[in-house]
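One structure is given below, encoded as structure tokens.
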Amino acid sequence: MGLFDSLLGRSKPPQADLDILFQVPQAVISLEAQGFTFTGTGGVCFRDVEGNADNVSIDEAEQLVRLDGSATVERTDDAFGFHWISVTRPGDAPGLCTDLHAVNSGLDQAGFGSSLLCSTVVFATPAGGRLGLVYLFKRGTFYPFAPTGTQTRDNALELQVRGVIGQDVPVEADLSRWLALWGAPHLP
């Protein structure tokens, strides 16, 4: 950030630290100790970039994840026009985080880092619902998202989870940035 940016009140958003995804397995352990179940699923959400260049990068990222036969990859779109690459790797939290990191890094290194929105790691709640641990690229922080149905969420559970994972991963302090991910894969 330069002098004029400081004088004019502009700020530069923090650079996403993709390596922070490797701290998620510790959060998995903490959540499992509280009765949550790691589902082995996660995803990367991004905006589409015009042209074929991003499709090539996405294909390469998918192929990289598929090198290990125990992971499955699926590409979907949500109702809001965002694209998702979903990865499933049952019972292997470090492997899933490595796969999500590979997808994110591949898109970032190809110049599409500004199109990355978030990554999710999905859990089953003790009551049988779903919980997404969401990583915000633009903030470098995580937050919990606990949908309970169509356009409703369990805010009390989300606040409880914040306390559980607070020592494991950086948690977004601004609750207004805990955005709902309606229609995200594996999160009803």
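Highest mean first, what order results for 82-92, 155-165 on Cβ atoms within 10 Å?
On the way: 82-92: 19.5, 155-165: 16.0.
Top of the packing list down: 82-92, 155-165.
Give me D for the chain in µm² s⁻¹, whole number, from Stokes-Einstein with Rh from the Kirkwood sum over alpha-carbon pairs, 25 °C and 0.890 mPa s.
For the chosen part, D equals 144 µm²/s.
Restricting attention to the alpha-carbon atoms of region 27-125, what are Rg (one decimal) and Dmax (integer), both in Å?
Cα only, region 27-125: 13.8, 45 Å (Rg, Dmax).
Compute the Rg/Rh shape ratio of region 54-103: radius of gyration over Kirkwood radius, all on alpha-carbon atoms. Provide the component values of the computation, followed by the final result.
On the way: Rg = 11.1 Å, Rh = 11.3 Å.
That ratio is 0.98, to two decimals.
With an 8 Å Cα cut-off and a minimum separation of 6 or more residues, compute the relative contact order for the chain in percent.
On the way: 330 pairs, mean separation 48.4, N = 188.
Result for the chain is 26 percent.
Rule-based calculations on the coordinates, nothing more; no lab input. None of these values were measured; they are calculated from a predicted model. FYI the Cβ positions are ideal-geometry reconstructions off the backbone, even for glycines, and counts take in every protein chain you see.
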